[in-house]
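Worksheet for the structure shown next.
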Amino acid sequence: MTVDLTARRPRTRDTAVELSGVAKTFGTGAGAVTALNGIDLQVGDGEFLCVLGASGCGKSTLLNLLAGLDEPTAGAVRVGSARPSFMFQEAALMPWLTALRNVELPLKLAGHGRSARRERAEELLTLVRLEGLGDKRPHELSGGMRQRVSLARALAAATGLGDAHGAGGLLLMDEPFAALDAITRDVLQGELLRVWRATGTTIVFVTHDVREAVRLAERVVLLSSRPGTVVREWTVPAGGHDAEQQAELHDDITGRLRAVITSHAA
């Protein structure tokens, strides 16, 4: 039996993110560089979407637009009620603050009281399996632990004082595991899936790693080389763990990505 790996599953979700005809150009005149062009994309509430593409295709620019850190040159970006938060390749923790205080920081900036934000930060550290380590400073933690703290902080920013389970929010992740060793990366990918299922957070995850995208995402979107536009998307089969289906999907996406890179190089 042939399995259609690109067929869409019926969606009953509300739309968390919508981009319509989005373009982004940096500079003017002869020196202008168009990073994105004609992006049409919807992300459902609670969906895990991976954006895949070669280096320089505009993946990070897309996240910046979703976060409200930049404005599109053309088109519209609509983000629902979810508060966007960012998680980067580097943990970017405040070195003088403990893990607990780092997680508390966005709650403090949002004006929440000390007792409430401390309780929430402790909940989130437990969620990322760092209970009992809240008093450690970043230099006392491994790279993987620092990324867990970064994830907890990003969830705090996205969900506020909401319950750790069913909290919602919008999490934007820019190759957050790329700098880690293979074993730590594998562990944190599994942890991210567990946290996503526990919280219902909407995730837009940027990567250039096809294997990572297939493992994590419900849906994978491929961007062309600059200027980036959506050239193909795949829905990962429910469950996503059938080895034969995963291998078929991995090979299909890899072939398309190579074609994109080759056409750009030509």
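Quick notes on this structure:
- Residue within region 238-258 that is touching a helix residue (DSSP H, G or I) at 6+ places or on another chain (Cβ under 6 Å), of a type in the set (Val, Ile, Thr) and surrounded by 16 or more Cβ atoms within 10 Å (Cβ to Cβ) present: yes
- Filter result for the condition that a residue is in a helix (DSSP H, G or I) and open to solvent by less than 20 Å² (accessible area, probe 1.4 Å), over Val187, Val214, Val206: Val214
- Within region 111-135, being part of a loop (DSSP other than H, G, I, E, B) and open to solvent by 70 Å² or more (accessible area, probe 1.4 Å) holds for Arg129, Glu131, Gly132, Asp135.
- One residue stands out in region 51-89 among those that are more than 15 Å from Leu19 (Cα to Cα) and surrounded by 23 or more Cβ atoms within 10 Å (Cβ to Cβ): the one that is nearest to the chain's Cα centre (by Cα), namely Met87.
- Some residue of region 152-171 being acidic (Asp, Glu) and either modelled with pLDDT of 95 or more or touching an Asp or Glu at 6+ places or on another chain (Cβ under 9 Å) (or both): yes
- Which numbered condition Leu5 misses (of (1) open to solvent by 60 Å² or more (accessible area, probe 1.4 Å); (2) at pLDDT below 85): (1)
- Qualifying residues in region 217-237 (those that are more than 14 Å from the chain's Cα centre (by Cα) and of a type in the set (Gly, Ala, Ser)) - the one surrounded by the most Cβ atoms within 10 Å (Cβ to Cβ): Gly228
- The residues of region 176-199 that are more than 24 Å from Gln245 (Cβ to Cβ) and touching an Asp or Glu at 6+ places or on another chain (Cβ under 8 Å), listed by number, are Ala178, Ala179.
- Flag if Glu104 is part of a helix (DSSP H, G or I), closer than 15 Å to Leu161 by Cα and open to solvent by 50 Å² or more (accessible area, probe 1.4 Å): no
The rows are residues; the columns are (1) under 23 Å from Thr184 (Cα atoms); (2) β-branched (Val, Ile, Thr); (3) over 24 Å from the mean Cα position of the chain (by Cα).
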site: Trp96; (1), (2), (3): no, no, yes
site: Asn102; (1), (2), (3): yes, no, no
site: Gly111; (1), (2), (3): no, no, yes
site: Glu119; (1), (2), (3): no, no, yes
site: Leu124; (1), (2), (3): yes, no, no
site: Leu130; (1), (2), (3): yes, no, no
site: Asp135; (1), (2), (3): yes, no, yes
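- Per-region count, region 24-50, residues surrounded by fewer than 18 Cβ atoms within 10 Å (Cβ to Cβ) and among the hydrophobic types (A, V, I, L, M, F, W, C): 4
The values are calculated or read from the model by the stated rules, or taken from the named source; none is laboratory data. Everything quoted here is computed from the prediction, not taken from an experiment. No Cβ is skipped: glycine too gets one built from the backbone with ideal geometry, and neighbour counts run over all protein chains shown. Accessible surface areas use protein heavy atoms only, side chains included; no ligands, DNA or RNA. Shrake-Rupley method; radii C 1.70, N 1.55, O 1.52, S 1.80 Å.
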